[in-house]
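Working notes, beginning with the structure itself.
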Amino acid sequence: MNLNLRNAVLHNVTGNSQDELEHTIVDAIQSGEEKMLPGLGVLFEVIWQHADTSEKQEMLQTLEDGLKK
């Protein structure tokens, strides 16, 4: 069976409202299940691809700040 995870994730969320997308993200994070991580990665990929340079810089700064000890 040839499963394209990226396409499956995108198919499952395409057309979702902001509320539905937020629920998907929050649910994936709160569940703490490792199997949810690839889906979050696909969603982050979409965000990154549609962000301009300043938005990318802000995301990188937020990530760096969140990873500081």
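Any read-out appearing in this document is the output of simple, stated calculations on the displayed coordinates, not a laboratory observation. What you are looking at is a predicted structure, and each value in this text was computed from that prediction instead of being measured. When we count neighbours, we look across all protein chains shown, and the Cβ atoms used for this are built from the backbone with ideal geometry, even at glycine.
Calculation over all alpha carbon pairs of segment 5-66 in 10 angstrom steps from 0 returns a P(r) of 19, 49, 31, 1 percent.
Which loop-located GluC sites (Glu not before Pro) does segment 1-37 contain, where loop means any DSSP state but H, G, I, E or B and the Cβ has at most 11 other Cβ atoms within 10 Å?
Values: sites: Glu20, Glu22, Glu33, Glu34; in loops: Glu33.
Answer by residue number: Glu33.
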